[in-house]
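The values are calculated or read from the model by the stated rules, or taken from the named source; none is laboratory data. In this text the structure is predicted, and so the values were computed from the model without any measurement. As a convention, Cβ positions derive from the backbone with ideal geometry for all residues, glycine included, and neighbour counts pool all protein chains shown. What goes into the accessible areas is simple: the full protein's heavy atoms, side chains included, and nothing from ligands, DNA or RNA. Shrake-Rupley method; radii C 1.70, N 1.55, O 1.52, S 1.80 Å.
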Amino acid sequence: MRRKLIWLAAAVLALALTSPAHAGIVKVAKRLNVVTFFGGYAHPVGSYNGIDVIDFIDSGGRLANLDAGDVYDPGFYFGLGYGQIRNDHILFNLSFRWIHINTEDTFWVDPFIGYTFYPQTPAFNQYDLDFDLNWLFVNPSYSLLSPYLGLGFHAGITSASGEFIETENDVTLALGLNFGADLAVWRAGDNRSVITVSSVNEWIVAASDKRPRYLNLGAAVKYYFRP
């Protein structure tokens, strides 16, 4: 599964990077810049055999896999991004995102064994630099509704901290599938700028062991403008 996703990501990225090379052959629309303010709800998905320094060993001495809901509670996130639409459909976006990670108090691997942090449960936070590569079915500068699909690449720090524990920071990576749509709510008369309210959703399909995977369901305000 992960190998297929890596090949898919490489193919989409290669297509996006080679598209500008045709600018001298075909006529393309002018570039459209975008500033994005976003936030949302993070629903944990997947299964886990540990969290931070804890490995989930059952009463038989085996490493156990727990469902996401037995390890993490839903979290939330906020972010700010800047991007650009090229060739009328390809949106590159770079953003910073903060995710608050909520966990269960006790991790039960079987009816007889449960794990907890001591002397306190750390406060977990994720700080990410995101690169999104999305395909817009319709350019928002002249459409009321603009659906999109794409890929999200995340590199950041998973931080665990507390009053009675030493702060630990781990560099982590993640790959996600983006989907959503922009709804135009204001448009300049010359179509040089547009404001949209948008659904910005992502399913994290692969991630480093130290960070949770989420189905991110969010909303955004986007300001599109021509330089």
*Taking only DSSP H segments of four or more residues, each worth -39500 (n - 2.57), what value at 222 nm results for the chain once the sum is divided by all its residues, to the nearest 500 deg cm²/dmol?*
-2500 deg cm²/dmol
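Roughly how many percent of the accessible protein surface of the range 140-189 is carbon and sulfur, given a 1.4 Å probe and a whole-percent answer?
About 66 percent, which is the carbon plus sulfur part of the accessible surface.
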*Counting Lys +1, Arg +1, Asp -1, Glu -1, what net charge surrounds Thr103 among other residues with beta carbon under 10 Å of its beta carbon?*
-4
*Tell me, what is the per residue accessible area of the range 71-227 in Å², probe radius 1.4 Å?*
48
_Total formal charge among the other residues, if their Cβ is under 15 angstrom from that of Lys210, Lys/Arg +1 and Asp/Glu -1_ = -4
*Measure nothing but the geometry: give the 0 to 90° angle between the long axis through the Cα atoms of 2-18 and the longest principal axis through the Cα atoms of the chain, rounded to 10°.*
20
*Positive end of the charge dipole of the chain (Lys, Arg +1 and Asp, Glu -1 on Cβ, about the Cα centre): tell me which of Ala206, Phe225, Ile51 has its Cα farthest that way.*
Phe225
*Dipole axis of the chain (+1 Lys, Arg; -1 Asp, Glu on Cβ), positive-most option in Ala160, Ser143, Asn216*: Ser143
*Efficiency of FRET from Cβ geometry, Asn65 and Val35, R₀ 45 Å, rounded to 0.05*: 0.65
*Local charge sum around Ser159 (other residues, Cβ-Cβ under 14 Å, Lys/Arg +1, Asp/Glu -1)?*
-2
_Sequence gap at least 6, Cα distance under 8 Å: using those rules, report the relative contact order of the chain to the nearest whole percent._
20
*Identify, among Leu66, Gln84, Asn191, the residue whose Cα sits farthest towards the positive end of the charge dipole of the chain, taking +1 on the Cβ of Lys and Arg and -1 on the Cβ of Asp and Glu, with the dipole about the Cα centre.*
Asn191
*Rounded to the nearest 20 Debye, what is the dipole magnitude of the chain about its Cα centre when Lys and Arg each give +1 and Asp and Glu each give -1 at the C-beta?*
1680
*Estimated FRET transfer efficiency when R0 is 45 angstrom, pair Asn191-His100 (beta carbons, to 0.05)*: 0.70
_Largest-first principal axis extents, alpha carbons of the chain, Å_ = 66, 34, 28
